[in-house]
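Asks: Below are the structure tokens for one structure; questions will follow.
The values are calculated or read from the model by the stated rules, or taken from the named source; none is laboratory data. Because the structure is a prediction, the values reported are computed rather than measured. With ideal geometry, Cβ positions are generated from the backbone for all residues, glycine too; neighbour counts draw on all protein chains shown.
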């Protein structure tokens with residue numbers, strides 16, 4: 001459900017210098033260099049498997065898999081292998097609602113309260129005024145990813161998600177700025193069910209997948225463990241590649257639970273590029289395709305290191321930007337063990353799909369740009385080289401940070417109070433409880449809604465501890481405790497930015 005930031009100006013400029021020394025504008029990258037480019041990048045980024053589709057003018061220019069479904073396995077990835085597509089799910093959700101509007105069953109301007117009678121947010125006036133468009137365009141006033149630690153891969157139900165979301169105080173004013181809010185799409189799924197009479201999973205499967213012929217696609221994370229020809233999920237933690245469990249995402253399935261293949265996503269691209277038709281047959285209403293691609297939120301002016309880019313916007317389930325005078329309609333997706341990208345250039349009838357089975361690589365976006373430039377006849381830039389150099393520098397900085405913290409812990413700095421005084425039950429007013437216990441002389445934090453996950457706390461001295469989660473996805477962070485009158489009052493809990501940026505204050509009970 002997340003985006004992976006991977007570009008820094010300095011390395012883009014380095015790549016620019018290198019590209020001009022190669023003068024490769026006339027090379028046919030797709031035919032003579034793609035396989036070696038992908039193979040080298042997979043080794044560099046430690047990606048077990050990749051699947052790619054490129055469509056232009058209705059024809060497959062590229063459709064193939066690389067590598068294996070699982071590290072250490074010989075099961076090959078092919079064009080039908082299923083990957084978690086994360087937030088690329090959002091375009092399906094927005095299109096589904098636009099389909100229902102085209103059928104006269106709802107309006108995207110309908111108030112959310114019309115369809116979800118128990119809908120509520122922090123402000124009562126906003127509760128009454130929030131529309132379906134607000135949910136889909138991320139203009140509700142929340143900080144990007146706000147609340148996701150509570151919802152993401154946790155044991156809370158959708159109903160509990162809705163209740164907790166209602167208590168969450170937005171960081172900003174309603175419709176004042178863009179903030180990526182996964183919970184809004186979870187709510188959108190309930191509206192689809194109310195308006196269509198079908199659960200979200202059934203609607204996506206019967207009204208989109210089946211008509212298009214997407215036979216290697218699934219609409220719920222609970223299907224991942226039983227689906228055939230499906231990739232395993234992987235991450236890279238401190239330089240080591242490892243397999244991880246699939247995420248439990250069905251409490252917010254409309255935000256990021258779909259799994260699909262390069263072939264199926266290519267069919268999706270073909271259908272969208274033809275405004276809802278495939279092989280001459282109308283499958284989706286034209287308005288259902290085009291309405292979500294209209295701008296709704298302003299993100300910025302747009303920027304690219306080599307070529308012209310004038311705007312960066314968000315529609316309904318789509319990022320929109322300009323590139324060399326063309327409009328790009330795109331999204332990325334990141335969930336446990338997968339990052340992916342999906343790009344359309346409607347004016348050139350181009351579609352690009354890149355699927356990878358680790359959640360810690362920048363290749364999936366670098367490959368998108370390389371394929372796009374090749375389709376547009378632009379010079380080869382070797383985007384993955386600059387992306388990897390930035391990544392390597394970030395990894396070195398992280399390693400230095402971790403070494404410094406572990407060295408500090410090894411010196412046994414004295415905490416402000418005995419460790420036993422920190423132990424106990426803590427409560428966040430919305431999330432619920434966290435239990436902090438002494439286990440073999442070390443504090444261990446366990447969370448009510450994340451069974452199986454825990455963080456070990458190493459003393460950094462005074463009121464600060466270094467928290468390391470057993471699940472690398474949730475990261476390693478410094479947690480400061482608030483101490484007053486010789487007693488622990490609270491702790492500020494943070495997790496990896498991939499999950500959520502905003503802090504949680506847990507109060508000792």
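Asks: When residues of segment 271-285 are filtered for being surrounded by fewer than 21 Cβ atoms within 10 Å (Cβ to Cβ) and touching a residue at least 24 places away in the same chain (Cβ under 8 Å), how many remain?
Replies: Residues flagged as surrounded by fewer than 21 Cβ atoms within 10 Å (Cβ to Cβ) and touching a residue at least 24 places away in the same chain (Cβ under 8 Å) within segment 271-285 amount to 4.
Asks: Could you check segment 434-482 and list, in sequence order, the residues that are under 12 Å from residue 495 (Cα atoms), assigned to a strand (DSSP E or B) and free of Cβ contacts under 8 Å to residues at least 60 places away in the same chain?
Replies: Within segment 434-482, 454, 455, 467, 468, 469, 477, 479 meet the criteria.
Asks: For segment 298-315, does any single residue satisfy the condition of being in contact with a strand residue (DSSP E or B) (Cβ under 6 Å, 6 or more places away or on another chain) and buried (at least 22 other Cβ atoms within 10 Å of the Cβ)?
Replies: Taking every residue of segment 298-315 in turn, none turns out to be in contact with a strand residue (DSSP E or B) (Cβ under 6 Å, 6 or more places away or on another chain) and buried (at least 22 other Cβ atoms within 10 Å of the Cβ).
Asks: Looking at segment 193-216, which of its residues are free of Cβ contacts under 8 Å to residues at least 24 places away in the same chain, assigned to a loop (DSSP other than H, G, I, E, B) and touching a helix residue (DSSP H, G or I) at 6+ places or on another chain (Cβ under 8 Å)?
Replies: Matches in segment 193-216: 198, 199.
Asks: Would you list the strands (runs of 3 or more DSSP E) that sit entirely within segment 253-336 and hold 2 or more residues that are in contact with a helix residue (DSSP H, G or I) (Cβ under 9 Å, 6 or more places away or on another chain) and over 30 Å from residue 158 (Cα atoms)?
Replies: Details: elements: 297-300, 312-314, 319-323, 326-335.
Result: 326-335.
Asks: What single numbered condition from (1) free of Cβ contacts under 8 Å to residues at least 12 places away in the same chain; (2) under 30 Å from residue 400 (Cα atoms) fails to hold for residue 146?
Replies: All conditions pass for residue 146, except number (1).
Asks: Residues 153, 148: which one is at pLDDT below 95 and either buried (at least 20 other Cβ atoms within 10 Å of the Cβ) or in the same structural domain as residue 207 (by TED's automatic domain parsing) (or both)?
Replies: On the way: 148 fails: at pLDDT below 95.
Going through 153, 148 in turn, the sole match is 153.
Asks: Another question about this same structure. Tell me which helices (runs of 4 or more DSSP H) are completely within segment 1-110 and hold 1 or more residues being modelled with pLDDT of 95 or more and crowded, with 17+ Cβ neighbours inside 10 Å, or say none if there are none. If you could, list the steps in order and put the result at the bottom.
Replies: On the way: elements: 9-22, 29-32, 34-45, 89-102.
Helices (runs of 4 or more DSSP H) meeting the threshold: 34-45, 89-102.
Here's the yes/no breakdown for (1) closer than 30 Å to residue 31 by Cα; (2) in a helix (DSSP H, G or I); (3) over 23 Å from the mean Cα position of the chain (by Cα):
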| site | (1), (2), (3) |
| --- | --- |
| 353 | yes, no, no |
| 379 | yes, no, yes |
| 401 | no, yes, yes |
| 405 | no, yes, yes |
| 426 | no, no, yes |
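Asks: Which one of these is crowded, with 17+ Cβ neighbours inside 10 Å and either closer than 30 Å to residue 362 by Cβ or in contact with a helix residue (DSSP H, G or I) (Cβ under 9 Å, 6 or more places away or on another chain) (or both): 465, 422?
Replies: On the way: 422 fails: either closer than 30 Å to residue 362 by Cβ or in contact with a helix residue (DSSP H, G or I) (Cβ under 9 Å, 6 or more places away or on another chain) (or both).
None of the others qualify; the one that does is 465.
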